[in-house]
Amino acid sequence: MKKTLVKICGITNLHDADAAVRIGADALGFVFYPKSPRYVNVDTAKKICKTIPGNIMKIGVFVNENRDRLESIYEEGFLDYFQLHGDEDPEYCKNVKGKIIKSFRIKSDFDSSLLRIFGKCEMFLFDTKTDNNFGGSGKTFDWKLLGALPRTHPIILAGGLTEKNVGRAIETLRPDMVDVSSSVESSPGIKDHHKVLRFINSCRNTANN
């Protein structure tokens, strides 16, 4: 069975990026949402991405971003994927250049049939829905809500994952990738490299992973 990949999100500096790659991350996430405590500007992210090996996925996280700005960043060519983490509709996604990861914030009333109208996207990410929050809450949702999900696209699981629960999450859902941010930090936007190591070890030690 194919291993579950690991994305370390909320990277803001080269030191943390290098450490995450060295420890074994498969993907790094850069948050371009100015209201996030993990916000990073385009110039800084671009410089970091240029130092990262080509086999590591570079993912930009955007929330209800202006499409012209997205196109400008796309033309810079340093990101592999655009993760749309806001209220973007299918028409918006269809007109964005580049490979799209569409995020869905999950509560008990989540309607999985919604996924069908986002078919243009490369991957789907599932995070916890909280009031006035577009992610980074550190809270989990009921993974069973995704149990019968049609696997039309690769899926990324986010929301409150830690070194203690990520193994169970992988065994429960077999996501293609897990996404972690706040639980591997010493402060918002600053990674604790020991926590990153323990998280990735927990992923790798999961049965059949």
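General remarks:
- Taken residue by residue, region 92-108 has at least one member that is loosely packed, with under 10 Cβ neighbours inside 10 Å, touching a residue at least 24 places away in the same chain (Cβ under 8 Å) and not in a helix (DSSP H, G or I).
- Cross-chain or 6+ apart pairs with Cβ under 7 Å, region 109-127 first and in a helix (DSSP H, G or I), then among the basic types (Lys, Arg): Phe118/Lys102
- Here is the figure for region 84-122: residues that are of a type in the set (S, T, N, Q) and farther than 24 Å from Gly160 by Cβ total 2.
- Just so you know, in region 145-159 the residues that are surrounded by fewer than 17 Cβ atoms within 10 Å (Cβ to Cβ) and either touching a residue at least 24 places away in the same chain (Cβ under 8 Å) or in contact with a His (Cβ under 8 Å, 6 or more places away or on another chain) (or both) include one that is nearest to Arg198 (Cα to Cα), and it is Pro154.
- A single member of Gly160, Gly135 is under 15 Å from Cys9 (Cα atoms), outside any helix (DSSP H, G or I) and modelled with pLDDT under 90, and it is Gly135.
- Screening Ala27 on (1) under 18 Å from Met123 (Cα atoms); (2) of a type in the set (Gly, Ala, Ser); (3) free of Cβ contacts under 8 Å to residues at least 12 places away in the same chain shows it passes everything except condition (3).
- Qualifying positions in region 34-83 - assigned to a loop (DSSP other than H, G, I, E, B), of a type in the set (Lys, Arg) and loosely packed, with under 14 Cβ neighbours inside 10 Å: Lys35
The values are calculated or read from the model by the stated rules, or taken from the named source; none is laboratory data. Remember, it's a predicted structure, so these values are computed and weren't measured experimentally. Reconstructed Cβ throughout: ideal geometry from the backbone, glycine too, with neighbour counts over all protein chains shown.
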